Amino acid sequence: MSAKQNSILLLVALKNELEAISIPKSIPIAYTGIGKINAATVAQTAILHHQPQLIINFGTVGKINPDLSDLVMIQRVIQRDMNAEPLAPRGVTPFCQKPTEYLSERGQYTCGTGDSFVTSTDPWLIEQKVDVVDMELFAIAAVAHQHQIPWLSYKFISDAADDKAGKEWHQRINHGEELFMEQLKQLLS
């Protein structure tokens, strides 16, 4: 898949994860901040402003699947912190007709998005076959879906979503930039 640079919008939570100076000038980058509300509002504004044909998300994740490392590409994203039981099963927003998961055209891993930093085992994530956890992708995918724009997501595994996750994330927050830039270069060629 080759993408034209001027048709892409890049969404990243923090400048520490990816410096704009690394990105071709023709690709707008918007920093969403952390969390689903920040990601949704910035994604909405950036989409309306730039009118992209493709959204690319890059960021850090904690791994649930112990076999993963480095950069992974997300195919499916669910909402891990929507828990309104008994009104609806976990992951489902009650009385809402919107999808409970969003799928990308490419990738192979499942991301669970929520407004919490995961530092311990959650059996529900394993039951749902979640490979990695983040705090923005579900919101980005939901806004992209609303605008009928395809999305791709590249995630760098910064930590193991355990009691050392905070320290590991701080140490590795920018370690995925080079790996992502290689993928972006391939996508643009």
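Just so it is clear, none of the values below were taken in a lab; they were calculated from the coordinates. None of the values given here were measured: they were computed from a predicted structure. In this analysis, Cβ positions are derived from the backbone assuming ideal geometry, glycine residues included, and neighbour counts consider all displayed protein chains.
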Can you give the % of DSSP beta bridges in the chain that are antiparallel, to the nearest 5? 25
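Hey, with R₀ at 30 Å, roughly what FRET efficiency would Ile21 and Ser120 work out to, going by the Cβ-Cβ distance, to 0.05?
Working: r = 36 Å, r/R0 = 1.21.
With a Förster radius of 30 Å, E is 0.25.
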Using only DSSP helix segments of four residues or longer, with each worth -39500 (n - 2.57), what per-residue ellipticity at 222 nm results for the chain after dividing by its residue count and rounding to 500? -8000 deg cm²/dmol
If every Lys and Arg gets +1 and every Asp and Glu gets -1 at its Cβ, then about the Cα centre the stretch 51-189 yields a dipole, in debye to the nearest 20, of 300
Sort Trp169, Trp124, Trp151 by Cβ crowding within 10 Å, fewest neighbours at the top. Trp124, Trp169, Trp151
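Can you tell me the order of 77-84, 133-140, 42-49 when each peptide is scored by its average per-residue count of other Cβ atoms within 10 angstrom, highest first? Could the numbers behind the result be given before it?
On the way: 77-84: 20.9, 133-140: 28.0, 42-49: 17.2.
Highest mean packing first, the order is 133-140, 77-84, 42-49.
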Which order results if Tyr102, Tyr31 are arranged by neighbouring Cβ count within 10 Å, fewest first? Tyr31, Tyr102
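For a test of understanding, tell me how many lysine pairs in the stretch 1-149 have Cα atoms under 20 Å apart, given they are 8 or more places apart or on different chains. Numbers along the way, then the final one.
Working: Lys4/Lys25; Lys15/Lys25; Lys15/Lys36; Lys36/Lys63; Lys36/Lys98; Lys63/Lys129.
Within the stretch 1-149, the lysine pair count is 6.
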